[in-house]
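Peer 1: The structure follows.
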Amino acid sequence: MQLELDTLKLSVDDAGLARLVISRSEAANALDRQMAADFRTVAVQLESTQAARAVLITAEGSIFCAGGDLSDFRESDDTYALVTEMTVDFHAAIAKFSRLDAPIVAAVSGAAGGAGMSLVAAFDLVVAGESAKFTMGYTRAGLVPDGSSSFFLARCVGYKRALDLVLTNRVLTAPEAEAWGLVSRVVPDDDVTAEAEKLATSLAKGPTRTFGIAKQVVLAGANSSLEEAMERESRGIAAATRTADAEEGIAAFLDKRRARFTGE
């Protein structure tokens, strides 16, 4: 499957690895009205086809995503309507990404600011180059965080640190972002894409439906009572036993061999 939009490129290979490329390098991959709409289109496509067993997200150019395109805000005749339209599409995309069974791996080079940092917080796993930088940046421009950051950021770094990032626009280095829980791992700059692809390729060979259940259990459990979390775990692991991959995984463990998952 291939889909080439104005700001994003999507392809899914026969092994189920989806490659999503942010392709607006001439504008530092900043989020504009078109990119927000393209993100929603891509998310709907991934959700509807269910062809992906893992998603690798990269960006063209030297910056992962500089945030929202403020030049669009200044030039708009109705900034309120523009921002509302953008966030409706952008937030719909992130909601759908969060519900995909396929794990999402981001390869981050250069910088991720504003909406770009919101994406980093929302994605499942993040591989960052050692010179990458991360900042919220919203309040510096008199704006309020969006892109699901009010939900995911504090879950990554904790409430006090999230508020520090939002109010002071502190810039995190890649090692700091890893220590704070925003980034999964830091690698040499030249190895970012290769390491992220290696990780995504490995996940694409895993028990995809089980990954999806596990993601939802962990996400919902962060905001549940103990009893609710354990009930959700009970339902989740029971549902997983009905998958072909669980049957294979149990057999492989007992037979002391490597499991051969199909994503079913």
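The values are calculated or read from the model by the stated rules, or taken from the named source; none is laboratory data. No experiment lies behind these values; they were computed from the predicted model shown. Every residue, glycine as well, gets a Cβ built from its backbone with ideal geometry; the counts of neighbours run over all protein chains shown. When the accessible area is computed, the model is the full protein with side chains, heavy atoms only, and any ligands, DNA or RNA have been set aside. Shrake-Rupley method; radii C 1.70, N 1.55, O 1.52, S 1.80 Å.
Peer 1: Evaluate the following for GLU247: is it of a type in the set (Asp, Glu), open to solvent by 50 Å² or more (accessible area, probe 1.4 Å) and in contact (Cβ under 8 Å) with a residue 24 or more places away in the chain? Step through it out loud before you land on a result.
Peer 2: Working: of a type in the set (Asp, Glu): yes; open to solvent by 50 Å² or more (accessible area, probe 1.4 Å): yes; in contact (Cβ under 8 Å) with a residue 24 or more places away in the chain: no.
Judged against the criteria, GLU247 is not a match.
Peer 1: Here is a further query. Cβ-Cβ distance below 6 Å, separation of 6 or more or different chains: which pairs start in the stretch 1-22 with a residue that is free of Cβ contacts under 8 Å to residues at least 12 places away in the same chain and of a type outside the set (Lys, Arg) and end on one that is assigned to a strand (DSSP E or B) and open to solvent by less than 70 Å² (accessible area, probe 1.4 Å)?
Peer 2: Listed pairs, sorted by first residue: GLN2/SER11.
Peer 1: Looking at LEU182, LEU199, LEU219, which one is touching a residue at least 60 places away in the same chain (Cβ under 8 Å), assigned to a helix (DSSP H, G or I) and closer than 28 Å to GLU60 by Cβ?
Peer 2: Details: LEU182 fails: assigned to a helix (DSSP H, G or I); LEU219 fails: closer than 28 Å to GLU60 by Cβ.
It is LEU199.
Peer 1: Picking from GLY212, GLY236, which residue would you name as being over 25 Å from GLY67 (Cβ atoms), without any contact (Cβ under 8 Å) to a residue 60 or more places away in the chain and surrounded by 17 or more Cβ atoms within 10 Å (Cβ to Cβ)? Give the steps one after another, and end with the answer.
Peer 2: Working: GLY212 fails: without any contact (Cβ under 8 Å) to a residue 60 or more places away in the chain.
Just one listed residue meets the conditions, GLY236.
Peer 1: So which pairs qualify, if the first residue must be in the stretch 140-162 and farther than 22 Å from GLU176 by Cβ and in contact (Cβ under 8 Å) with a residue 40 or more places away in the chain, the second must be open to solvent by 80 Å² or more (accessible area, probe 1.4 Å) and part of a helix (DSSP H, G or I), the Cβ gap must be under 8 Å, and the two must be at least 6 apart or on different chains?
Peer 2: From residues that are farther than 22 Å from GLU176 by Cβ and in contact (Cβ under 8 Å) with a residue 40 or more places away in the chain, the pairs are ALA141/LEU70.
Peer 1: Another one. Looking only at the stretch 24-45, which residues are surrounded by fewer than 20 Cβ atoms within 10 Å (Cβ to Cβ), among the polar types (S, T, N, Q) and farther than 22 Å from LEU203 by Cα?
Peer 2: Correct list: SER25, GLN34, THR41.
Peer 1: Right, something else. Which of the residues that make up the stretch 118-139 are within 29 Å of GLN50 (Cβ to Cβ) and either touching a residue at least 40 places away in the same chain (Cβ under 8 Å) or open to solvent by 40 Å² or more (accessible area, probe 1.4 Å) (or both)?
Peer 2: Within the stretch 118-139, the first condition is being within 29 Å of GLN50 (Cβ to Cβ), and the residues that meet it are 118-128.
If the condition is that a residue be within 29 Å of GLN50 (Cβ to Cβ) and either touching a residue at least 40 places away in the same chain (Cβ under 8 Å) or open to solvent by 40 Å² or more (accessible area, probe 1.4 Å) (or both), then LEU119, VAL120, ALA121, PHE123, ASP124, LEU125, VAL126, VAL127, ALA128 are the ones that fit.
Peer 1: On to the next question. As an exercise: evaluate PHE64 against (1) in contact with a Ser or Thr (Cβ under 9 Å, 6 or more places away or on another chain); (2) open to solvent by 30 Å² or more (accessible area, probe 1.4 Å); (3) modelled with pLDDT of 95 or more; (4) not β-branched (Val, Ile, Thr) and give the number of the one condition it does not meet.
Peer 2: In the conditions (1) in contact with a Ser or Thr (Cβ under 9 Å, 6 or more places away or on another chain); (2) open to solvent by 30 Å² or more (accessible area, probe 1.4 Å); (3) modelled with pLDDT of 95 or more; (4) not β-branched (Val, Ile, Thr), PHE64 misses (2) alone.
Peer 1: What pairs can you find where one residue is in the stretch 47-59 and closer than 9 Å to ALA200 by Cα, the other is basic (Lys, Arg) and not in a loop (DSSP other than H, G, I, E, B), and their Cβ atoms are less than 9 Å apart, with a gap of 6+ or different chains?
Peer 2: Going by the 9 Å Cβ cut-off, the qualifying pairs are VAL55/ARG19; LEU56/ARG19.
Peer 1: Hey, among the residues in the stretch 185-196 that are assigned to a helix (DSSP H, G or I) and either among the hydroxyl-bearing types (Ser, Thr, Tyr) or touching a Leu at 6+ places or on another chain (Cβ under 9 Å) (or both), which one's most open to solvent (accessible area, probe 1.4 Å)?
Peer 2: Within the stretch 185-196, the first condition is being assigned to a helix (DSSP H, G or I), and the residues that meet it are 189-196.
This time we only want the ones that are either among the hydroxyl-bearing types (Ser, Thr, Tyr) or touching a Leu at 6+ places or on another chain (Cβ under 9 Å) (or both), so: 193, 196.
On the way: THR193: 73, ALA196: 0 Å².
Checking each candidate, the answer is THR193.
Peer 1: Does VAL21 qualify as being open to solvent by less than 50 Å² (accessible area, probe 1.4 Å) and out of contact with any Asp or Glu (no Cβ under 7 Å at 6 or more places or on another chain)?
Peer 2: Details: open to solvent by less than 50 Å² (accessible area, probe 1.4 Å): yes; out of contact with any Asp or Glu (no Cβ under 7 Å at 6 or more places or on another chain): no.
Criteria not met by VAL21.
Peer 1: I've got another one for you. For GLU130, are the conditions met, namely being at pLDDT 95 or above and of a type in the set (Asp, Glu)? Can you show your working first?
Peer 2: Working: at pLDDT 95 or above: yes; of a type in the set (Asp, Glu): yes.
Spelling it out, GLU130 is indeed at pLDDT 95 or above and of a type in the set (Asp, Glu).
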